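The values are calculated or read from the model by the stated rules, or taken from the named source; none is laboratory data. Here the structure is a predicted model, which is why all the values come from computation and not from measurement. Each accessible area value is taken on the protein alone, full model and side chains, heavy atoms only, with ligands, DNA and RNA left out. Shrake-Rupley method; radii C 1.70, N 1.55, O 1.52, S 1.80 Å.
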Amino acid sequence: MSKTTWSLLGALLCSLTLSACNTVEGAGKDVERAGEKVQGAAQDAKR
């Protein structure tokens, strides 16, 4: 792929990520929820 294509894909990914979270607080909550899911999965795997 060309450099322009990669740049456009990167810009699209950034815009989708930012629009999904809307705020820094929202992003923090999303990361926290993801961490809780990973912890839950790890605890389930231990059993």
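Apolar share of the accessible surface for the chain: 64 percent from carbon plus sulfur atoms, 1.4 Å probe. The structure shown yields Rg/Rh (Cα atoms, Kirkwood Rh), and of the options [x] 1.24; [y] 1.46; [z] 1.52 that calculated value carries the label [x].
Heavy-atom accessible surface of the chain, averaged per residue, reaches 91 Å², computed with a 1.4 Å probe.
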